[in-house]
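The values are calculated or read from the model by the stated rules, or taken from the named source; none is laboratory data. All figures in this text were calculated on a predicted structure; none of them were measured in a lab. Quick reminder, even Gly has a Cβ in these numbers, built from the backbone with ideal geometry, and neighbours come from all protein chains shown.
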Amino acid sequence: MPIRSKRSLSSNDRKPPRSSKQPKVEVVIVDNLSDKSPSKYSTASSDSVPLSKLKQRAVRASKRKETPASKKPPRDAQKVLFSKSRKIISSDEEEEEEDEFSSEEEWSSEEEMSKDEKKLSSEESSSSSGEEWRATGPVKRKKATKPKKVAKPKKTAGKAKAAAKDSGKDVEIIGANLDSDSEDDDVPNSAAGHYMSEYEKKRLQNIKENAAFFESIDLASAKNDLSEVSTSAKKSAQPRGLKVKKQYESRLPLPPRPRSLRLQNKNPEGVDLPPRPEPLPLYQNSHVERSGPTYKHFFVQRHIGVRRGLTGKHKGTPFGPRKPAGPLDMSATNVKGNDNGLGDRFQQDLHKLAKISIPESDGKKRLTVTQESFLKSLQSMTISEERVAKVTPERIFSVAVHPSTTKMLVCAGDKWGRLGLWDVESQDGDDGVYLYNPHSRPINCLQFSPVHHGKLYMCSYDGTMRCAEFEKDVFSEVYSTEEGADVLVKYFDFLSEDGTTCLLGLSDGDVAIVDTRTKGCEAEHLYPAHDRTIKTVSVHPTQRHYFVSCCNDSNVYIYDLRNMKKKGSQQFVASLYQHSRSVSSAYFSPASGSRILTTCFDDRIRVFETSAIGQQTVKPLREVRHNNQTGRWLTPFRAMWVPGRDDLFVSGSMKQPRQIELYSDQTSLLHTFTSPDYLTSICSINAFHPTQCVLAGANSSGKVHVFSASSFSQSSNKKSPGSPRVVLKKMAL
């Protein structure tokens, strides 16, 4: 029975088959992915069934036919064959074929179809299992080589058409439509054979429209202009003050150093020494006067071990070599010989500051000013790039502001005993910074004399207290402990109003009274106050026989000097309790002494009332939660009273953005000194100017930040007739 095609079944009008005299059509398959030239797959007359139908029937026949497993094509080859057979007919060729055969019926005898099927099945089964299957037939495997370049579609189509012209036959190219400029909706991709969907067409259209829009607004030129503006941005601010010398690592690795003779237990001549004795247990054979060992003995024994372990420049003492006894020359270490008299000019300015007397009325102005008006004046305080400078090379432990109203002079003491003096409004040398080296260990306290403003007193961990005398250009020695006693001078305060007598707090828990007018460097009186290290001492401003001291053991005591004993335990006047951890500072209020301000590591700042001094224990009047966990590398916070006021105090802060906080005696935050551009670090130590609106904050990298009001700049312009700036102005006029 004859077999009908699908086209013949779909047509309504049946027509006789086409005559056998129809022109012969040669079908050429173009494989763009494998071969560069077209290959003939089969040749058939127009009265035969289309090639695609023959392939489908051949595949079905091969499935029905039982063949050995070795002759069957692999599944991957079958998939390739089926996929390529589905993609070889393009949409254009299908339309032409429909137009040509829509009104005709295709007939073929069962014998002819069986022959074609047998032929195709024999070709498909001829290849072995080690052969690859393609749409063009079995191909032998070859070694892996570099992939050949895919032939361009247009050239391939041209070659096929040229081959057809040469043969003189009508050729139909069954494959992908290679014309990329076709406007047909079903135009496939020339490389992969995929058809372009409506979404892809819309996407390409949107890309073209966006490109046209960007070109219309001239986006490229705007981008170039923006890049030029960004490259020509202003330069970053240069650091002021001391210049940091970068230490570059050597490129070549250093050879290993030989072990020293000391580590080899040999003398300088290289002779072996006897074996070292084993160290005695801690506190063995130590004399203890009391029932048990106190912290004093723990402290001494601990630092003796530290002293034995130190090497290098700090060998011999626990805190480095102490400076020679007696006065030291006051010469700046950062001023060289070819400075054209820069150091001499600064010393002359210091001489003038020492001679200036400040009336007492200026210091008492803040007592009469109300809190609201004082806060308004503080809001006008600002900071600028010229108000930030590196004053010391290392971490700052103390800071002070000179009480002069004509020159803004800030002093800072660092970790290794160096003193930095900064003339804030000067541009000479290192931006007005002058560095001195009076001590070998941290300078923990700096204070100007309340009467003589040419004297700057300082105490250090090296066990000495010195005074910088601006008129004499020396650092005179005021007090020193025994060099082998391992006692530090932790803090001091003026015991007399004229500043001639000082009260010192020592690391062994004792307090010392020193008179600066007497010869020698010994204390007039020495009293035991605590069992552990004293952090700070503060003298009552009006009743100077009272002082408050704080300690590592969380104790804060108020003592009366008139009742203190040189030996034995002391009877304190009052104890300020509720401190659960180490207390870093405790100060009387500067105006009347009616308040005591404490800073503790339990994250509290407390304010106590001193009217109940006669009581044994005093509870805090107010307290505020404050993050005081500065860690190892930051100087601990010490909240300080504003000079001349009993209701305001300042403290450093761990908050972001970095700031200095101003509180009232009711522990309410009133104002913050901040600047995102110039205050970018934690200022642990802060100090106010005694009479002006000037605040200096010091951080742990040696920098000082100064907030000042415009009123100080106007007053500083009123120089004395002998001032160099005024003389230059007169010469210019």
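Every residue, every condition in (1) more than 24 Å from VAL391 (Cα to Cα); (2) in a loop (DSSP other than H, G, I, E, B); (3) at pLDDT 95 or above, yes or no:
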{"residue": "ARG632", "(1), (2), (3)": "no, yes, no"}
{"residue": "PRO643", "(1), (2), (3)": "no, yes, no"}
{"residue": "GLU661", "(1), (2), (3)": "no, no, yes"}
{"residue": "THR672", "(1), (2), (3)": "no, no, yes"}
{"residue": "ILE682", "(1), (2), (3)": "no, yes, yes"}
{"residue": "THR691", "(1), (2), (3)": "no, yes, no"}
{"residue": "LYS719", "(1), (2), (3)": "yes, yes, no"}
{"residue": "LYS730", "(1), (2), (3)": "yes, no, no"}
Quiz item: If we scan segment 618-626, do we find a residue that is crowded, with 21+ Cβ neighbours inside 10 Å and at pLDDT below 90?
Solution: yes
Quiz item: So which of ARG562, ARG638, ARG595 ends up being without any contact (Cβ under 8 Å) to a residue 24 or more places away in the chain and closer than 25 Å to LEU495 by Cβ?
Solution: ARG562
Quiz item: In segment 470-497, which residue that is over 26 Å from ARG544 (Cα atoms) and charged (D, E, K, R) is surrounded by the most Cβ atoms within 10 Å (Cβ to Cβ)?
Solution: ASP486
Self-check item: Hits in segment 603-625 (condition: in contact with a Phe, Trp or Tyr (Cβ under 8 Å, 6 or more places away or on another chain) and of a type outside the set (A, V, I, L, M, F, W, C))
Solution: THR610, THR617, LYS619, PRO620
Quiz item: Within segment 388-426, which residues are over 29 Å from the mean Cα position of the chain (by Cα) and charged (D, E, K, R)?
Solution: LYS407, ASP423, GLU425
Exercise. Determine whether segment 579-588 contains at least one residue that is surrounded by fewer than 19 Cβ atoms within 10 Å (Cβ to Cβ), assigned by TED's automatic domain parsing to the domain that holds TYR527, without any contact (Cβ under 8 Å) to a residue 40 or more places away in the chain and not in a helix (DSSP H, G or I).
Key: yes
Quiz item: Based on what the data block shows, is SER575 touching a strand residue (DSSP E or B) at 6+ places or on another chain (Cβ under 9 Å), assigned by TED's automatic domain parsing to the domain that holds GLU497, at pLDDT 95 or above and among the small types (Gly, Ala, Ser)?
Solution: no
Practice problem: Evaluate the following for ASP508: is it crowded, with 19+ Cβ neighbours inside 10 Å and of a type in the set (Asp, Glu)? | Solution: yes
